[in-house]
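Scroll down for the structure; my scribbles are underneath it.
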Amino acid sequence: MEIFEILLSASFWAAVLRIASPLILATMGELICERAGVLNLGIEGIMVFGAFAGWMAVYAGLGLWPGVLVAFAAGAMFGLVHATLTVPFGLSQHVVGLGITLLATSSAYYAYRLALPQVTSPPRITPFQPLNIPVLSDIPFLGPALFSQTALTYLAFASVAVVALVLFRTPLGLALRAAGENPSAVEAQGLSVTALRMGAVMVGSGLMAVGGAFLTMSAFDSFFFEMVNGRGWICIALVVFGAWMPGKALLGALLFAAFDALQIRMQQTPMGAHVPYQVFLMVPYVLSILALVLMSRRAEVPAALMVPYNRGER
Amino acid sequence: MGAREVVLRLEGITKRFGKLAANDDVGFALHRGEVLALLGENGAGKTTLMNILFGHYTADAGTVEVFGKALPPGAPGAALAAGVGMVHQHFTLAGNLTVLENILLGTRPLFGLGLGRAAARARVERLSRDFGLAVHPDAKVRSLSVGERQRVEILKALYREARILILDEPTAVLTPQESDALFATLKKAVALGLSIIFISHKLHEVMAVSDRVVVLRHGKVAGEVATAETDRHRLAELMVGAEVALPHPAPGRAGEMLMELRDVSTPSEGNRTGLRRVSLALRAGQITGLAGVAGNGQGALADLVSGLIAPASGALRVGGTEVSGWSPRAALDAGVGRIPEDRHATGSIADFTLTENAVLEGYARQPFARAGWMDWGRARAHAEAIIAKYDIRCPGPEARIRLLSGGNMQKLILGRALEAGPKIILANQPVRGLDIGALTYVQECLIAARDAGAAVLLISEDLDEIRVLSDVIHVISAGRLSPPFARGSKTVAELGVWMAGQGFADAA
C-alpha cells in the first residue's frame with residue numbers, strides 16, 4: 001500500500017520529470033536522425049561527452065547556458081563525424097555508431113584526466129536551480145510536481161513540441177521524413193538527401209549531448225565516469241516505443257522515468273527489506289521491454305532507415 | 001506540323017556503364033502538343049536516357065535543351081525548374097506521407113514555416129478534376145493502389161507546372177482499365193498544350209497513344225516515324241532489328257508421366273488460396289498450361305511443384321514413386337527447374353553478381369562446390385556460358401544483377417533453370433513485363449526444352465499465351481483444377497466460363 005502513498009506525493013512526480021528530462025532530449029535527437037534514415041548508435045557516447053563538455057565549460061568559467069551550447073556543439077561535431085562516414089561514404093551505421101560511442105566516451109574520460117590530472121573527486125559546479133513558474137507553481141500538488149523544475153527540464157518538454165512541429169508542419173520536416181522513407185523521392189525533387197541526412201544527424205547528436213549535459217548541469221553538479229549508464233540505449237528503445245512519433249516517445253520516456261522513480265522509492269519501503277535491491281533496479285527495464293513489445297507491434301518503421309543512399313544506383 | 005515549336009531537344013547523348021554503352025549518340029526533338037513515343041526493348045537505353053535528361057546520371061557526351069535553353073548536366077533540379085516532369089517506372093513517393101505531402105515535397109523553401117496545405121489542397125483538387133486523376137489528397141501513399149500512386153506522380157508533375165511530361169513504362173504496372181484512364185488523361189494534357197514523352201515497349205499502346213515514334217535499339221536511334229504512317233509490324237522490326245514472329249509450336253509428343261498430383265489439397269493462408277483436391281499430370285514432352293484469374297491458387301500450385309510447400313493431403317508422385325519429405329532441395333534433386341513469378345523478390349538477389357545468382361540453386365553441389373569449398377572459377381565460367389548462350393546484355397559476370405533490365409534478368413533465371421537439365425520446368429509468368437524480343441526468346445526456349453523431353457508447367461494470366469503454347473490446358477478457379485483440355489478444344493469464351501468458376505463438379 002506504500003505504492004499509493006508514493007504515487008500521491010508531489011515529490012514523486014517531480015522526480016519523474018527530472019529523470020525523464022535527459023531521456024526526452026536524447027530521444028528527440030535520436031528520433032530526428034532515424035526519421036531522416038540514419039540510426040545513430042553513437043548516442044550513448046555522445047551523451048557522455050555532452051555531460052562532460054557542458055560541465056567542463058561551466059567549471060572553466062562559462063555561464064550555464066553557454067555551457068549547454070558547448071555541449072550541443074560538441075555533440076554536433078561527433079554527429080558530423082558519424083554523418084560523414086554513414087551518409088556520403090555509406091558505411092554501416094551499426095559499426096560507425098558503436099565506434100562513435102567508444103570514441104566519444106573515451107575522449108570524454110581522456111579529456112577529463114588531461115584537464116584534472118591530480119583530482120580524486122571531481123569538482124562541483126553550481127548547476128541549474130529549480131525555476132518556480134509564477135502562479136502555476138503555487139497550485140497545490142501540481143505546482144511542486146510539475147512547475148518547480150530546472151530550465152533544462154522545461155527545455156526538454158519544449159523540444160518535443162518543436163520537433164513535432166518541424167516534422168509535421170514545415171517543408172523541412174516533410175523533406176526529412178521523405179528522406180527516411182524513400183530518398184529517391186527527395187532527390188527527384190531536386191533536394192539533397194546528403195545535406196538533409198547530415199543536418200539531421202548533427203542536430204540530433206547535439207540534442208543527445210544536451211541530454212547528457214542535463215546529468216551534470218541539472219540533475220547533479222559534477223561529472224562521474226559511468227554516469228550516463230546506458231541511458232542512450234534506453235533512448236534507442238524509446239524511439240521504437242514511440243513509433244517514431246515525438247509525442248508517443250515523450251510518453252515512453254515518462255513511463256520509464258516513472259518506473260525508475262518508483263523502484264527507488266520501493267526500495268525504502270518495508271518490502272525493500274525483504275527483496276534484494278537488484279530486483280527493484282531491474283523493474284523499469286523489464287516493464288520497458290514489455291511495453292516495447294506491446295507498443296511497437298504496429299509501428300511504421302521509416303522504410304529507408306539504415307539504408308545508405310547512393311545517387312545514380314538502380 | 002514541321003513548323004511547330006520544339007520544346008525539348010536531345011543531341012549526341014552518350015553514356016557508358018563499364019563496357020556497356022547504354023546510350024550511343026542519341027538525339028531527337030519533342031514538339032509542343034504532341035505525344036512522342038520512345039520505343040525500345042528492355043535494355044535498349046530508354047530509362048538511361050531519361051535519367052540523363054533528368055540529371056540523375058551525368059552523360060559522357062551530348063547536350064539537353066529545354067525550351068531553347070541548355071540544361072546543366074547532372075543537376076536533378078534543373079529539368080524540374082525548366083518545366084519537365086517525370087513519372088518514373090519505380091515511383092519516387094514516400095509511403096509514410098500523404099498524397100498532399102508527397103506533392104508538396106520540395107515545392108516550398110526548405111526553411112520556410114508552414115506548408116500552406118489549404119491552398120495546395122485546393123489546387124490539387126482542381127488539377128485532379130481537370131486531368132481526370134481521381135485520388136484522395138489526405139490518403140497515405142502506403143495505402144494506395146499502384147494505379148493511384150501513378151496518378152499522384154502525374155499530379156506531382158502538374159502541380160509543379162510541368163509543360164513536358166515524361167512517362168517511363170507507365171502501363172507496366174496497370175490493369176487494362178487503369179491504362180485506358182491514363183490514356184484519357186494524356187489526351188487531356190496534350191489538348192491543354194502539354195508535350196509528352198511516352199516510353200514503352202508495348203506496340204499496341206504506342207500505336208494507340210502517340211503521334212510520333214522514336215525507336216531505340218542497343219542504345220542507338222534505330223528510326224523515327226510518324227505513327228500514322230507506320231504499323232505494329234514495322235515498329236517491331238525497327239525495335240528488334242529483324243523480322244519477328246511469335247512462336248507457334250507444333251504439338252508436343254506426350255511421353256512418360258514425370259509428376260503426378262492426386263487429390264492434393266493445401267491450406268489457404270490469409271488471402272492466399274490453397275488447393276482443393278487437385279489432380280494433375282505433367283508428362284514429358286508436353287507443355288501444360290494453367291489458365292486462371294490471378295489469386296485462384298496458382299501460387300499454391302507453383303509452390304507445391306517447386307517444393308516450397310508439401311501437400312496437406314493427397315499424393316504427390318515424382319517419376320513414378322510417391323514422395324515424402326517434399327522440400328525445395330528434394331524438388332531440385334528431382335530435376336525441377338524453377339522460373340519463379342517474381343524475378344526480383346524470389347528469382348534473384350539484387351546485390352549479388354551474375355555469377356553468384358547463376359549458381360544460387362546449384363551452389364552446394366558439383367561442380368560449383370567440392371568438399372565444401374566454392375569453385376568460383378567454374379561458377380564464373382558457368383555464368384559466362386549462360387550470358388553468351390542466352391544473349392544477356394550486361395557489363396560482365398561480376399556485375400550486380402540489379403544493374404540488369406528485367407528481360408536480361410529473366411534470361412539469366414531461365415538459363416540457370418534450363419542449363420541444369422531439368423526434367424520438370426515450372427514457368428510461372430515467364431514473360432510478364434518482357435518486351436517482344438525477350439518474350440519470343442523465352443517462349444522458344446521453353447518449347448525447345450519441351451521438345452528435348454521436359455515436362456513444362458506454364459502458368460500465365462494471358463489466355464493467348466496459354467492457348468498458343470500449351471499441349472494441355474487446365475483452368476484453376478478457387479483452388480480447384482478443371483479436367484485437362486486438349487489443345488484447341490476450347491475457345492477463349494469456353495475457358496472463360498471455367499475461369500469464372502462454373503463447370504466444376506462441386507460448383508453451386
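Residue separation of A:Q267 and A:N132 scaled by 0.36 nm, minus their Cα-Cα distance, works out to 45.6 nm of gained length.
For segment B:272-279, 3J(HN,Hα) computed residue by residue from phi via the Karplus equation (6.51, -1.76, 1.60; θ = phi - 60°) reads 9, 6, x, 9, 10, 6, 8, 10 Hz, glycine and proline entered as x.
Restricting to bridges with both residues inside segment B:6-240, how much of the DSSP beta-bridge set is antiparallel, in percent to the nearest 5? Restricted to segment B:6-240, the bridges split so that about 55 percent are antiparallel. Going by accessible surface with a 1.4 Å probe and the largest first, A:Y309, A:Y277 read A:Y277, A:Y309. Shielding value for A:189-199 is 3, the average number of Cβ atoms from other chains within 10 Å of each residue's Cβ.
Between the amide H of B:G223 and those of B:V215, distances stay under 5 Å, these residues lying 5 or more places away or on another chain, with hydrogens modeled in the peptide plane.
Under the convention that each Lys and Arg Cβ holds +1 and each Asp and Glu Cβ holds -1, the size of the dipole of segment B:120-188 around its Cα centre is about 340 debye. Here the Kirkwood formula puts the hydrodynamic radius of chain A at 20.1 Å, using every distinct Cα pair.
Each of the peptides B:314-325, A:147-158 was scored by the mean count of other Cβ atoms within 10 Å over its residues; in descending order, highest first, they stand as A:147-158, B:314-325. Per residue, the convex hull spanned by the alpha carbons of chain B comes to 176 Å³. Per residue, the average separation of C-alpha pairs within less than 8 Å and at least 6 apart gives segment B:350-420 a relative contact order of 39 percent. Rounded to the nearest 10 degrees, the angle from helix B:406-418 to the longest Cα principal axis of chain B is 10 degrees. For chain A, modelled as a GNM whose springs connect Cα atoms under 10 angstrom apart, the maximal fluctuation among A:F128, A:F225, A:F78 occurs at A:F225. Were the residues from B:R277 through B:R32 laid out at 0.36 nm apart, the gain over their Cα-Cα distance would be 82.2 nm. Label positions at B:F352 and B:D263, each projected 7 Å from the Cα along the C-beta direction, are separated by 4.0 nm.
With all protein chains in place and ligands, DNA and RNA left out, the 1.4 Å accessible area ranks B:E269, B:E229, B:E384 as B:E229, B:E269, B:E384, largest first. The shape of segment B:209-357 can be summarised by an equivalent ellipsoid whose semi-axes, obtained from the alpha carbon gyration tensor, come to 41, 19, 17 Å from longest to shortest. Mean projected area of the Cα convex hull of segment A:70-133, taken over all directions, amounts to 7.0 nm².
Check the straight Cα-Cα distances from B:K389 and name the aspartates and glutamates below 18 Å, setting aside those fewer than 8 residues away within the same chain. Leaving aside aspartates and glutamates fewer than 8 places away in the same chain, those within reach of B:K389 are B:E356, B:E398, B:E419, B:E444. Within segment B:436-464, name every residue whose backbone N is under 20 Å away from a label modeled 7 Å from Cα of B:A245 along the Cβ vector. Residues B:436-451 fall inside that zone.
Looking at this model, which pairs from B:K69/B:K140; B:K140/B:K188; B:K19/B:K423; B:K15/B:K140; B:K156/B:K411 are more than 30 angstrom apart at the alpha-carbon? Pairs exceeding the cut-off: B:K69/B:K140; B:K19/B:K423; B:K15/B:K140; B:K156/B:K411. With all pairs of different alpha carbon atoms counted, what Kirkwood hydrodynamic radius in Å does segment B:89-247 show? Here the Kirkwood hydrodynamic radius works out to 17.3 Å. Solvent-accessible surface (1.4 Å probe) assigned to A:W65 amounts to roughly 130 Å². The mean sequence separation of alpha-carbon pairs under 8 Å and at least six residues apart, normalised by the residue count of chain A, gives a relative contact order of 35 percent.
Counting only other chain Cβ atoms within 10 Å of each residue's Cβ, the peptide B:84-93 averages 3. Structural size metrics of segment B:350-420, computed from C-alpha coordinates, are Rg and Dmax of 11.3, 36 Å.
By DSSP, the beta bridges lying fully in the protein assembly as shown are antiparallel in about 55 percent of cases. With 0.36 nm allotted per residue and the present C-alpha distance subtracted, the B:A493-B:A228 stretch has 92.1 nm of extension available. Listed peptides B:102-113, B:193-204 appear in the order B:193-204, B:102-113 once ranked by packing, highest mean of other Cβ atoms within 10 Å at the front.
For chain A, the longest principal axis of the Cα atoms and the long axis of helix A:93-115 meet at an angle of about 50 degrees. Across segment A:137-149, rounded Karplus estimates of 3J(HN,Hα) from the backbone phi angles (6.51 cos²θ - 1.76 cosθ + 1.60, θ = phi - 60°) give 6, 8, 5, x, 6, 4, x, x, 6, 10, 10, 10, 9 Hz, Gly and Pro being marked x.
So how do A:Y59, B:Y159 rank on accessible area, 1.4 Å probe, biggest first, that is with the largest at the start?
A:Y59, B:Y159
Of all aspartates and glutamates in the structure, those lying under 14 Å Cα to Cα from B:K46, and not within fewer than 8 positions of it along the same chain, are B:D24, B:D25, B:D168, B:E169, B:D435. Quick one: accessible surface of A:D138, probe radius 1.4 Å, all protein chains present, in square angstrom to the nearest 10. We get 120 Å² for A:D138. Name all residues of segment A:195-238 having a backbone nitrogen under 20 Å from the label point set 7 Å from the Cα of B:A75 along its Cα→Cβ direction, giving them as ranges. Backbone N within reach: A:195-196.
Take the Cα coordinates of the protein assembly as shown, assign each an equal point scatterer, and use the Debye formula without solvent to give log10 I(q)/I(0) at q = 0.08, 0.09 Å⁻¹. Debye curve over Cα of the protein assembly as shown, log10 I(q)/I(0) at q = 0.08, 0.09 Å⁻¹: -0.87, -1.02. Applying 1/(1 + (r/R0)^6) with r as the Cβ-Cβ distance of A:L142 and B:V6 and R0 = 60 angstrom yields a FRET efficiency of 0.25.
Under the rule a/c < 1.5 gives rounded, and otherwise a/b versus b/c splits prolate from oblate, where does segment B:165-226 land using the Cα gyration tensor?
oblate
Given a Förster distance of 30 Å, report the FRET efficiency between A:S11 and A:M282 from their Cβ-Cβ distance, rounded to the nearest 0.05.
0.80
Hydrodynamic estimate: the Kirkwood radius of segment A:12-70 over Cα pairs, inserted into Stokes-Einstein at 25 °C and 0.890 mPa s, corresponds to D of 190 µm²/s.
Relative contact order for chain B: 15 percent, from Cα pairs under 8 Å spaced at least 6 residues apart, divided by residue count. The figure for A:S192 is an accessible area of roughly 60 square angstrom, using a 1.4 Å probe on the protein chains alone. Cross-link partners of B:K187 among aspartates and glutamates, defined as those whose alpha carbon lies under 15 angstrom from its own and excluding same-chain residues fewer than eight positions apart: B:E34, B:D130, B:E178, B:E205, B:D211.
The values are calculated or read from the model by the stated rules, or taken from the named source; none is laboratory data. Small disclaimer: the values here were computed from a predicted structure and weren't measured. Don't worry about glycine lacking a Cβ; one is built from the backbone with ideal geometry, like all the others, and counts go over all protein chains shown. What goes into the accessible areas is simple: the full protein's heavy atoms, side chains included, and nothing from ligands, DNA or RNA. Shrake-Rupley method; radii C 1.70, N 1.55, O 1.52, S 1.80 Å.
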